[in-house]
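The values are calculated or read from the model by the stated rules, or taken from the named source; none is laboratory data. Quantities reported herein were computed from a predicted structural model and do not represent experimental measurements. Every residue, glycine among them, receives a Cβ derived from its backbone with ideal geometry; neighbour counts consider all protein chains shown.
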């Protein structure tokens, strides 16, 4: 998958569950639940030891699921993500070492930014997509609208503080390719095995995305 293909895939799904796996055993039922809800994507964060094997499990058991690696902070984690089968990398900030290593390894990377300086760094490397993070804490839509205005060709993946309540407003922006959300499959829901609740959350996100596309 190249960066343009990733951007197209994210524009189709519109919402990305951002997931911190408590244990690798949660990966398989999570993938089944998301696919059953019509949301074939997940970003698995490297915030727990389960991330690497969780990504590998999702890729092996659910090949139709688009799987990314999140919270990637260094070159070693990039390599672990690629070895596990991740199809894209997401970082909370713009670390040139991480971004350049991803480009060298030919895996799409979505670095985090919350300023025009970050967007400029992405433009300089030919990236078509950046993560706007932490979206709500940084200024929400007001900052996004102002920051995106000079960069007509840049797409954004807002993440951080998004909920079903503000998701429609973010998705209404043409510069937003998709939005990341932790509420869909939170660590607490996974730890309790609440896959029915995760499925409801995922279906609700799909409904919001569908409504935004037709409004």
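What the table shows:
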| item | result |
| --- | --- |
| The lone exception for residue 114 - which of (1) buried (at least 16 other Cβ atoms within 10 Å of the Cβ); (2) without any contact (Cβ under 8 Å) to a residue 60 or more places away in the chain; (3) within 23 Å of residue 42 (Cβ to Cβ) it fails | (3) |
| Unique match (being under 24 Å from residue 203 (Cα atoms), touching a residue at least 12 places away in the same chain (Cβ under 8 Å) and out of contact with any helix residue (DSSP H, G or I) (no Cβ under 9 Å at 6 or more places or on another chain)) among 65, 21, 10, 34 | 10 |
| Residue satisfying all of: in segment 140-164; in contact (Cβ under 8 Å) with a residue 40 or more places away in the chain and touching a strand residue (DSSP E or B) at 6+ places or on another chain (Cβ under 7 Å); surrounded by the fewest Cβ atoms within 10 Å (Cβ to Cβ) among these | 155 |
| Any chance residue 165 is part of a loop (DSSP other than H, G, I, E, B), modelled with pLDDT of 95 or more and more than 21 Å from residue 66 (Cβ to Cβ) | yes |
| Looking only at segment 61-91, and only at residues there that are part of a loop (DSSP other than H, G, I, E, B) and either crowded, with 18+ Cβ neighbours inside 10 Å or at positive phi (or both), the one that is farthest from the chain's Cα centre (by Cα) | 62 |
| Members of segment 94-130 that are closer than 22 Å to residue 66 by Cα and part of a loop (DSSP other than H, G, I, E, B) | 106, 107, 108, 111, 127, 128 |
| Filter pass, residue 30 being surrounded by 22 or more Cβ atoms within 10 Å (Cβ to Cβ), outside any strand (DSSP E or B) and either under 12 Å from the mean Cα position of the chain (by Cα) or at pLDDT 95 or above (or both) | yes |
| For residue 42: the one exception among (1) within 21 Å of residue 170 (Cβ to Cβ); (2) out of contact with any helix residue (DSSP H, G or I) (no Cβ under 7 Å at 6 or more places or on another chain); (3) touching a residue at least 24 places away in the same chain (Cβ under 8 Å) | (2) |
| Residue match in segment 18-26 (condition: under 11 Å from the mean Cα position of the chain (by Cα) and either within 25 Å of residue 164 (Cβ to Cβ) or buried (at least 19 other Cβ atoms within 10 Å of the Cβ) (or both)) | yes |
| Counted residues, segment 183-192 - those being touching a residue at least 12 places away in the same chain (Cβ under 8 Å), surrounded by fewer than 17 Cβ atoms within 10 Å (Cβ to Cβ) and outside any helix (DSSP H, G or I) | 1 |
| Qualifying positions in segment 201-215 - over 19 Å from residue 45 (Cβ atoms) and either free of Cβ contacts under 8 Å to residues at least 24 places away in the same chain or touching a strand residue (DSSP E or B) at 6+ places or on another chain (Cβ under 9 Å) (or both) | 206, 207, 208, 209, 210, 214 |
